[in-house]
Amino acid sequence: MAVYQRPPKLSESIAQQLKDDIIKGIYLPGERLKIIEIARRFGVSQTSVREALKILEKSDLVSESPHKGYVVTNLTLDELVDIWTIKEKLWSLAFAWFTERADKELIKDAEKWVSEFRNAYIENDLDRAFEANFAFTDVILAGCGSRKLVTLLRSIEDQVKRYRYLSLEFDDNLKVSSQYFGEIIKAIWIRDSKKVSTMIQEYIRFSQKVLKENYKYMQEKSKEKMRKEQL
């Protein structure tokens, strides 16, 4: 019997679109989210927009400032390094459990998205690579067998996907990511959870290194965009 799923509320739909915009850098860290402009954009009431922003605030994607209203949360480099360190431990566990517990159909799904990521890298398509990256990890979460771990990782990834997206263009990130994902899938097929765990930790440390080296540039890019919009 099919399970009934409640359709999303208007505020939830707006929150999802704003979340996607924040991740893709349409709204950058520190940028003010103007309620009136967003309401006009979606053709909705300001109340619906405020409700949407409250949803995003719970995920720490936006924060409310006494003088500015809502702004995109700007995580410091130290905060991001802490989060990446947590990610390393949690994803290591998720990938190891997936390797041990997932059935062949789920492994095939994961392999499909790794192949899609490789194609996106070859074509230098950042958006496509980003979508494939998180479709791949969604499959890992689906097969790791722990709802608690899934909840923790989804909460963390909501906060930092935008930094992942921005960092994809640096330091041969697409190429290195594709290579790691390919080797990880091979190890998953032979159920070598120890190797999978080690490789995902190495990969996340590489990702953290790229982020640290380019964080200043990302911040400057955000400030430059905001300066242009204020002219």
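Assuming 0.36 nm per residue, please report the length gained on full extension of the stretch residue 65 to residue 179 beyond their Cα-Cα distance. Spell out each step's value before the answer.
On the way: separation 114, 0.36 × 114 = 41.04 nm, distance 4.23 nm.
Stretched out fully, the residue 65 to residue 179 stretch lengthens by 36.8 nm.
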For residue 33, list long-range residues whose amide hydrogen, built 1.01 Å from N in the peptide plane, is under 5 Å from its own amide hydrogen.
-> 70, 71, 72
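Taking R0 as 30 Å, what's the FRET efficiency between residue 58 and residue 209 from their Cβ-Cβ distance, rounded to 0.05? All intermediate terms of the calculation are to be shown ahead of the outcome.
Values: r = 30 Å, r/R0 = 1.01.
After rounding to 0.05, the efficiency reads 0.50.
Taking R0 as 45 Å, what's the FRET efficiency between residue 216 and residue 13 from their Cβ-Cβ distance, rounded to 0.05? Intermediate results must be reported in sequence, preceding the final value.
Numbers: r = 35 Å, r/R0 = 0.78.
The computed FRET efficiency comes out at 0.80.
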Modelled label-to-label distance, residue 37 and residue 224, 7 Å Cα→beta-carbon offset: nm?
-> 1.9
Sum of side-chain charges, residue 137 neighbourhood, beta-carbon under 14 Å (Lys, Arg +1; Asp, Glu -1) | -3
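Would you work out the charge dipole size for segment 10-74 about its Cα centre, treating the Cβ of every Lys and Arg as +1 and the Cβ of every Asp and Glu as -1, and quote it to the nearest 20 debye?
My answer is approximately 160 debye.
Relative to the Cα centre, what is the charge dipole magnitude of the chain, using +1 at the beta carbon of each Lys and Arg, -1 at the beta carbon of each Asp and Glu, and rounding to the nearest 20 debye? Can you show the working numbers first?
On the way: 40 positive and 36 negative charges, 87 e Å.
Magnitude of the dipole: close to 420 debye.
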Full extension from residue 171 to residue 78: what is 0.36 nm times the residue separation minus their Cα-Cα distance, to one decimal in nm?
-> 31.4 nm
For each pair in 24/89; 175/212; 24/216; 161/221; 161/209; 108/161, compute the distance between the two Cα atoms and list the pairs where it is over 21 Å.
-> 24/89; 108/161
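Every read-out reported here was derived from the displayed coordinates using simple, explicitly stated rules and does not represent laboratory data. All values derive from a computational prediction rather than experimental measurement. FYI the Cβ positions are ideal-geometry reconstructions off the backbone, even for glycines, and counts take in every protein chain you see.
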